Amino acid sequence: MSVICTSFPPIIRVGAHSLMKPMYSSYHKTLNHRWNSVINTSQARSFVALAASPRSSSYATNGKSRSVYTNLRLKPQPAYPGHIPLTPFENGVLAVGSALMSLIDTRRADMVAACGETTAGPTLVKLRDTMLESPEGRRILKEMPRINSQTLDWEKLRSLPENTFGRAYVRWLDACKVTPDSREPVHYIDDPELAYVMQRYRETHDLYHALFGLKVSALPELALKAFEFTNLGFPMTALSLGASIRLKSPQRARLWGEFIPWAARCGSHARCLLTVYWEERWGQDLDEMKKEFGVWDPPAGITIPRPSRIDLP
């Protein structure tokens, strides 16, 4: 009754409570009398036993059955450090909100990350299964390597020959002034193995940049997102293309006229890049790696200058 009354103006609510008070008093007296009459009976013991049920319980008073609904729902416990369990409703709200915020401010890495996690859905399962079908992918899932400044051997990478992938990676980091420690940790994916798949994608994203020599400005980033959508299938990477409305008209025309077609063809033709054990390929020739993966360079204008390769006789 109190819930119903709260929808009325204050004066009406006061009047309603005043009218109902004698009725409540009479009802409580009757209920107490009935309960006292059965307190020592088996019916009372049944009530105590049923009250332990987490969903609902019932008790009898003078042959009449009444139901007491508790409907208690325990909050899921975190499955790994940093995990924040969400209900389906909370996941949906966060997906919509983070997508809007990502379009409004593309620099909000936390919102981009949240959008990626809350919209991933069955894509992560598909990618995990694809990794399990690959020898390299299976070892990645088993060993769960991480890519950050603590796990990388910087001296070794800088000492590699010029056209190797490892040397290209550190050159890209230096040219773009970024660090491998800038990726957000995963929070909203319940399954720990699938959470690692998402974390692996985030930590290898910069390696895709290095593979193609892409800059970190808006146009090359959107081109790479289009490549990732066709190669990996994350919905967030397709949603991010909505940010193209913020580009200048000539840039937007090049994006949809040149770079999106390149991304669609190259990404769909390439091997799934999540199955690549990048840490074992630092010394591989960059051109041979692209040929093995089935990828090729994007149209000119969005890559960092590449050192000239001198082949000694």
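The values are calculated or read from the model by the stated rules, or taken from the named source; none is laboratory data. The structure presented is a predicted model; accordingly, all values stated were derived computationally and were not measured. Please note: Cβ atoms are built from the backbone with ideal geometry, for glycine as well, and neighbour counts cover all protein chains shown. Accessible surface areas use protein heavy atoms only, side chains included; no ligands, DNA or RNA. Shrake-Rupley method; radii C 1.70, N 1.55, O 1.52, S 1.80 Å.
If you take the Cα centroid of the stretch 140-182 and the Cα centroid of the stretch 250-282, the two points sit 20 Å apart.
Spin-label pair residue 90-residue 280: with each label point 7 Å from Cα along the Cα-Cβ axis, the two points sit 3.9 nm from one another. Treating r as the C-beta distance of residue 264 and residue 287 and R0 as 22 Å, the FRET efficiency rounds to 0.45. Charging the Cβ of each Asp and Glu at -1 and of each Lys and Arg at +1, and nothing else, the dipole of the stretch 187-230 about its Cα centre rounds to 260 debye.
Packing, as the average of other Cβ atoms within 10 Å across residues, places the peptides 76-83, 252-259 in the order 252-259, 76-83, highest first.
Quick one: with all protein chains in place, what share of the accessible area of the stretch 162-228 is carbon or sulfur, to the nearest percent (1.4 Å probe)? Answer for the stretch 162-228: carbon and sulfur cover 52 percent of the accessible area. For residue 108 and residue 153, FRET efficiency with R0 = 41 Å and r from the beta-carbon atoms, rounded to 0.05? With a Förster radius of 41 Å, E is 0.80. Approximating the spin labels as points 7 Å out from Cα along Cα→Cβ, the residue 271-to-residue 177 distance works out to 3.6 nm.
A crude spin-label estimate for the pair residue 253 and residue 300, with each label 7 Å from Cα along the Cβ direction, gives 1.9 nm. Of the GluC sites (Glu not before Pro) in the stretch 180-256, not one is in a loop by DSSP (not H, G, I, E or B) with at most 11 other beta carbons within 10 Å.
Net length available on complete extension from residue 245 to residue 133 is 36.5 nm, with 0.36 nm assigned per residue and the Cα-Cα distance removed. Please go through the residue pairs 126/177; 177/290; 142/225; 248/291 and name each one whose alpha carbons sit more than 30 Å apart in this structure. Over 30 Å apart, Cα to Cα: 126/177; 248/291. Between the listed residues 227, 266, 242, the Cα displaced farthest toward the positive end of the dipole of the stretch 210-313, a dipole computed from Cβ unit charges relative to the Cα centre, is found at 242. Estimated at the nearest 10 Å², the accessible area of residue 182 is 60 Å² with a 1.4 Å probe. For the stretch 183-313, relative contact order (Cα pairs under 8 Å, six or more residues apart, normalised by length) works out to 29 percent.
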